[in-house]
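Reading through the structure tokens given below for one structure.
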Amino acid sequence: KSKSSSADPDYCRRILVRDAKGTIREIVLPKGLDLDRPKRTRTSFTAEQLYRLEMEFQRCQYVVGRERTELARQLNLSETQVR
């Protein structure tokens, strides 16, 4: 059926996952993939922040440099969040 784990390269590992239908499947992933690390929490933007970001996007799809820095400051966000 499936290859034994001894046939896998040292940098791979096999895990069992259950898909949306409930079927259990075996997948091979790189060992370097840190599955135990908690996911970063998603930013929750306020309605005002979303409105301003959408207006800027309609004006110019790529906000860069001083404009990005100023918009981030005005909205109390990081430049990465504005990007």
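The values are calculated or read from the model by the stated rules, or taken from the named source; none is laboratory data. As the structure is a prediction and not an experimental result, all values here were calculated from the model. Methodologically, a virtual Cβ is constructed for each residue, glycine included, from the backbone with ideal geometry; neighbour enumeration extends over all protein chains shown. Just so you know, the surface numbers come from the protein's heavy atoms only, side chains and all, with ligands and any DNA or RNA stripped out. Shrake-Rupley method; radii C 1.70, N 1.55, O 1.52, S 1.80 Å.
What to note about this one:
- The lone exception for residue 47 - which of (1) without any contact (Cβ under 8 Å) to a residue 24 or more places away in the chain; (2) more than 26 Å from residue 83 (Cα to Cα) it fails: (2)
- Restricting segment 4-29 to residues that are open to solvent by 80 Å² or more (accessible area, probe 1.4 Å), in a loop (DSSP other than H, G, I, E, B) and of a type outside the set (Phe, Trp, Tyr), the residue that is nearest to residue 82 (Cα to Cα): 20
- Per-region count, segment 55-83, residues outside any loop (DSSP other than H, G, I, E, B) and either loosely packed, with under 11 Cβ neighbours inside 10 Å or touching a Ser or Thr at 6+ places or on another chain (Cβ under 8 Å) (or both): 9
- Number of positions in segment 30-54 that are assigned to a helix (DSSP H, G or I) and either within 25 Å of residue 11 (Cβ to Cβ) or of a type outside the set (Lys, Arg) (or both): 7
- From 54, 70, residue being at pLDDT 90 or above and within 21 Å of the chain's Cα centre (by Cα): 54
- For residue 36: the one exception among (1) among the charged types (D, E, K, R); (2) open to solvent by 90 Å² or more (accessible area, probe 1.4 Å); (3) in contact (Cβ under 8 Å) with a residue 12 or more places away in the chain: (3)
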